[in-house]
Each structure stands twice: as C-alpha cells, then as structure tokens.
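Colleague: Can you read through this structure? Questions will come right after.
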Amino acid sequence: MPARLEIDGGVPLRGSVRVSAAKNAALPALAASLLTAEPVRLTNVPDLVDVRTMVRLVETLGATIRREHGELAAQVARVTNDVAPYDLVSTMRASVLVLGPLVARHGSARVALPGGCAIGVRPIDQHLKGLARLGAEIAIENGYVVARASRLKAARIATDLVTVTGTENLMMAAALAEGTTVIENAAREPEVVDLATLLTAMGARIRGAGTPRVEIEGVSELAGTSHRIIPDRIEAGTLIVAGAITGGDVTVTDLVPDHLSALMAKLGECGVALEVGPTSVRVRGPGRPRAADVTTSPFPGFPTDMQAQVMTLLGLADGQSRVTETIFENRFMHVAELARMGARIETDGAIAVIRGVSCYQGAPVMASDLRASAALVLAGLAAHGRTTVSRVYHLDRGYEGLETKLTALGARIERRA
Ligand code: EPU
C-alpha cells in the first residue's frame, strides 16, 4: 500500500521553520545544465522526487551528476542522446524543459508529448510555436515532439498566454540563438527570474526577466557557474497557512517576502496577523478567519499553487467566500475531499463558493495532486480527530520533509507505509 499520513488535528503550531529551495526553480536550473559543456554547480537544491526525476532525465541525455548535501554539480560534456522518453515525461511534465536546451545545444530533440494531468489539459503549443519562431523544424511523430535546427535564429515571440515553463524553455533556447530574441507576454514568476540569473552567470545576455518583455541576446557558447536556488514561495505559503489555520504562532524563515505579496495581502484580509521581516514571516492565527474572495492569476497575482491551501482556510471562515481559478480548468479536486471533512463548498466551472463552517472533522481522504495534498494536510492539522491522507506520493514530489517540519512545530503527524 502506498504511504499515507495520519494526522491528529487540533494542535496550534508553534516555533520556527525553515523553507527549502524551490522545486520549480531547481527543475529549469537542471535543464539549463544541458546548455554548456562545463560544470554547473547548484546549491540549496531540494531533495524531492521531481528533482530526482529531472536528474535521471538529464543523466540519460549525457549529464554526469554529483550530489552531496543539497549541492548538485551537473556536467554535460556532450549530449549523448536527444530523447526524453514517455515514462519520464508522463511522470513529470516539467521534463519538457529539456526541449529548448537540447535543440539549442545539440540541434535536435525528441521529447514525449506530456498529455493531460490531474489539474488540466496543459498543452505545450506555446513552447512549440516559440521554438518554431526561432527556426526549429517541429513535427509530432508517434507521440513525440521532434524538433531540429542547425542554429536557432532570434525572433520576436509573443505568447498567446502567460506560460511559466514556456517562457523558461524559450529563454534557454534563445540564449544560444543567433541575434536578439524578444519574448512578449513573458511569465514574471520569481522562478523565471532565478533561471535568468543562472543563465546570466553562465554568460547569457538577458534583460527584462521579471517583466512581460524579456530580451535575450544570443551568444555562441555558455560556460559553467555556481548558483544558489531561491526559496520555495509555495512551501513558505503553505507553512504560513499552517500557522494560521491552527491558530498558532509560527515564524517561517529563509523566504523572500516579495515573492509572497499577493498571498500575504489575502491572509491580511482574512484577519491573519503577519509580521514581515527581511527574510521571514511570523504568523499568528486569528480566532476564526474572515471570509474573502480569491482569483488566481499569473505572478504577481494570487498563485494557483496556493489556491487549494487558502480554500482550506476559507472553509473555516466566518462567512461566504468565492474562489475563482483562472489558470487550470480542473484544479478543484480537493473540494470533494474537504467536503468529507465537513466543508461546505459548491463549484460551478472555475468558481467555488465556500460557506465557512466552524470546524473540520478528521476523515480518511485521498490526495489527487501536489497542492491538493498540501491542502488536505492543512485541513487535517485543523480538524477535530484523526485524518488519514492517502496517496502522499503526490506530496513527496514537491515538499521536502513536510511532516518532519510540521512535527517540529508540535503537529501530531505520522507517515505509515
Ligand atoms: N498553456 C497552454 N499552452 C502552453 C503552455 C501553457 O495552453 O503551451 C496553459 C496551461 O494549460 C495553463 C496555463 O497556460 O492553463 C498556464 O500554464 P503554465 O505553462 O504557466 O504552467 P506550467 O509552466 O506547466 C508551472 C509550474 C506549475 C504552476 C504553473 C502556474 C513548474 C515546473 N510548474 O507550470 O506548478 O502551477 O506554472 O503557475 O514550474 C506545482 O508546482 O504544483 C505546479 C503545478
């Protein structure tokens, strides 16, 4: 039987907890190692299932990887294989991040098309359109994207929608293209900026990362470097909500407050007391949160990756809240599970209406994806009685040692095989 978490709820969390590095910054950083023959040393790398999957993928493409205590050195002296196979891509969609680097450095890539996943259809058409604009020949053959180019040529690319990994893929490809590429409508997420910082340290010339217009002046070669991955803003946010939902007093450290502005503004509206330091946030839970309306949007808007966790908090609010999910079409999988714990939530397409209840009851629940699992853990921490969250392998993809961190804050939570 896959592992599950047993949580005896009702303990206000107290103490201090350190945030790990960002999964969604570590994954593109590993893909970027494909762009140079020299070693790329990454520090502060989180030990997560998704990171191990990406390590395996770049290894199959020719990388030699050494890993020691949160540090990872990747060297791709030569790309020895251009195939990202279906078994890896279907377990982790972010595998598609090797597409841009492979075409740019090696001149060809064969990457399995990811297909849909638990939270939505998630096509990669914008990645492919952008690469075609850079001169790659793109074909779909037997479920694989086959991309070829002798040398990519700069272009002006305006994506039809804001895409995080799409922007990252195109930035990496353009870094080795001939001429100056402009990406309009670029994603502004901190993970995009972190990748630009890494690429710049490798010798790339990038302006405007963090704005909707990114300019990349291509160079013929990139070099090795050393880079520290940024803190995980979604893990930080999840821990802050854990403090709030248990009515605790928790200081979350090693984070970047500017990456959490939209979340903190919303929690403020809910009556959660936050004290913001230069690299930490102290959270004290309100007696009972106030209701609030939330609409997800690309950064700097409210992150879709915090939607499930904040909905869990709103489920206990005094009054009626409304959550609108604009990024993914199927990201309310946690609603039916929260209902099993006593939440009163109705969904209609992209909108969830939440009528707050005064408490959750412990129940067996099932995780459907990474952030939904985190939401169920939060509900379990707040609930009366025992909650068993099954399928926690979803959680292990993106939260480093979550139950160890929560235990240190006083939570009664245990993993059972
Ligand atoms: N989209 C398209 N065509 C494309 C690309 C995207 O239609 O070519 C659509 C998607 O289907 C979605 C929207 O555009 O409706 C935004 O998707 P985006 O491409 O920005 O998502 P992503 O890059 O695949 C990253 C994170 C996700 C996070 C989203 C949104 C990584 C590795 N993943 O995904 O993280 O939810 O951005 O912020 O960076 C998670 O960590 O749990 C997670 C799902």
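Derivation of every value follows stated rules applied to the coordinates shown; laboratory data play no part. Since this is a predicted model, take the numbers as computed values, not measurements. Cβ atoms come from the backbone with ideal geometry, glycine included; neighbour counts cover every protein chain shown.
Colleague: With viscosity set to 1.002 mPa s and temperature to 20 °C, compute the Stokes-Einstein D of the chain, Rh being the Kirkwood radius across alpha carbon pairs; µm²/s, no decimals.
Modeller: Diffusion coefficient, whole number: 99 µm²/s.
Colleague: Next up: Amide H of A84: which non-local residues (sequence gap of 5 or more, or other chain) have their own amide H closer than 5 Å, using H built in the peptide plane?
Modeller: Here the answer is R110, V111, A112, since their amide H atoms fall under 5 Å of that of A84.
Colleague: Cα centroids of region 208-252 and region 70-147: how far apart, whole angstrom?
Modeller: Between the Cα centres of region 208-252 and region 70-147 lies a distance of 23 Å.
Colleague: Mind ranking 375-383, 101-109 by how tightly packed they are, going by the mean number of other C-beta atoms within 10 angstrom, highest first?
Modeller: The most tightly packed comes first, giving 375-383, 101-109.
Colleague: Through the Karplus equation 6.51 cos²θ - 1.76 cosθ + 1.60, θ set to phi - 60°, convert the phi angles of region 406-416 into ³J(HN,Hα) values in whole Hz; use x for Gly and Pro.
Modeller: Computed from phi, the couplings for region 406-416 are 5, 4, 5, 8, x, 5, 9, 9, 9, 8, 10 Hz.
Colleague: I want the antiparallel fraction of DSSP beta bridges within region 83-235, as a percent rounded to 5.
Modeller: Counting DSSP beta bridges with both partners in region 83-235, the antiparallel share is about 75 percent.
Colleague: Let me ask another. Please turn the phi angles of region 258-274 into ³J(HN,Hα) values with the Karplus equation 6.51 cos²θ - 1.76 cosθ + 1.60 (θ = phi - 60°), one per residue in order, whole Hz, x for glycine and proline.
Modeller: For region 258-274, the Karplus-derived couplings read 4, 6, 10, 4, 5, 5, 5, 4, 5, 5, x, 4, 7, x, 7, 7, 10 Hz, x marking Gly and Pro.
Colleague: Given a Förster radius of 22 Å and the C-beta distance between K129 and R207 as r, what FRET efficiency does 1/(1 + (r/R0)^6) yield to the nearest 0.05?
Modeller: 0.45
Colleague: Restricting to the chain, compute how many DSSP beta bridges are antiparallel as a %, nearest 5.
Modeller: The antiparallel fraction comes to roughly 70 percent.
Colleague: Between beta-carbons, use under 12 Å as the cut-off and find the net charge around R18, counting Lys and Arg +1, Asp and Glu -1.
Modeller: That works out to -3.
Colleague: Related question: Under the rule of at least 5 residues apart or a separate chain, name every residue whose amide H is placed under 5 Å from the amide H of G70.
Modeller: none
Colleague: Please list the non-local residues whose amide H lies under 5 Å from the amide H of D293, H modeled 1.01 Å from N, same-chain partners needing a gap of 5 or more.
Modeller: The list, which skips near neighbours in sequence, is R322.
Colleague: In nm, give the distance between the simple-model label positions of Y393 and A273, each being 7 Å from the Cα along the Cα-to-Cβ direction.
Modeller: So the label points at Y393 and A273 sit 4.4 nm apart.
Colleague: Next up: Please give the FRET efficiency for R66 paired with V219, using the beta carbon to beta carbon distance and R0 = 30 Å, rounded to the nearest 0.05.
Modeller: After rounding to 0.05, the efficiency reads 0.70.
Colleague: When only C-alpha pairs under 8 Å and at least 6 residues apart count, what is the relative contact order of region 21-81, in percent?
Modeller: Taking the mean separation of contacting Cα pairs over the length of region 21-81, I get 40 percent.
Colleague: Put a dot 7 Å past each Cα toward the Cβ at S297 and R340; how far apart are the dots in nm?
Modeller: Distance between label points: 3.5 nm.
Colleague: Still on this structure, please answer the following. Any lysines with Cα under 25 Å of the K23 Cα? List them, leaving off those in the same chain fewer than 8 positions away.
Modeller: K266, K405
Colleague: Report the relative contact order of the chain, percent, no decimals, based on alpha-carbon pairs under 8 angstrom and at least 6 residues apart.
Modeller: Contact order relative to length: 21 percent.
Colleague: Compute the Cα gyration tensor for region 188-263, then decide on rounded, prolate or oblate, letting a ≥ b ≥ c be the square roots of its eigenvalues: rounded whenever a/c is under 1.5, prolate when a/b is larger than b/c in the other cases, and oblate in all that remain.
Modeller: Since a/c reaches 1.5 and a/b is larger than b/c, the shape of region 188-263 is classed as prolate.
Colleague: OK, next. What does the extension gain come out to for R148 and V256, with contour length at 0.36 nm per residue minus their alpha carbon separation?
Modeller: 35.0 nm
Colleague: Could you rank the peptides 219-228, 161-170, 333-342 by their average count of other C-beta atoms within 10 Å per residue, with the highest value first?
Modeller: Packing order, densest peptide first, comes out as 161-170, 333-342, 219-228.
Colleague: Also, quick follow-up: Given the peptides 66-78, 249-261, arrange them by the average over their residues of other C-beta atoms within 10 Å, most packed first.
Modeller: 249-261, 66-78
Colleague: Taking the Cβ-Cβ separation of R288 and E414 as r and a Förster radius of 30 Å, what is the calculated FRET efficiency to the nearest 0.05?
Modeller: Given R0 = 30 Å and the Cβ-Cβ separation, E is 0.60.
Colleague: Please list, in order along region 149-154, the HN-Hα scalar couplings obtained from phi with the Karplus expression 6.51 cos²θ - 1.76 cosθ + 1.60 (θ = phi - 60°), rounded to whole Hz, x for Gly and Pro.
Modeller: Per residue, the Karplus-derived 3J(HN,Hα) values read 6, 6, 9, 5, 10, 4 Hz.
Colleague: With an 8 Å cut-off on Cα pairs and a minimum separation of 6 or more residues, tell me the relative contact order of region 169-250 in percent.
Modeller: 32
Colleague: Label region 193-339 by shape, choosing from rounded, prolate and oblate, from the square roots a ≥ b ≥ c of the eigenvalues of the Cα gyration tensor; if a/c is under 1.5 it is rounded, and otherwise prolate applies when a/b is larger than b/c, oblate when it is not.
Modeller: Here region 193-339 falls in the prolate category.
Colleague: Still on this structure: Listing M172, M92 from the residue with the fewest other Cβ atoms within 10 Å to the one with the most, what is the order?
Modeller: M92, M172
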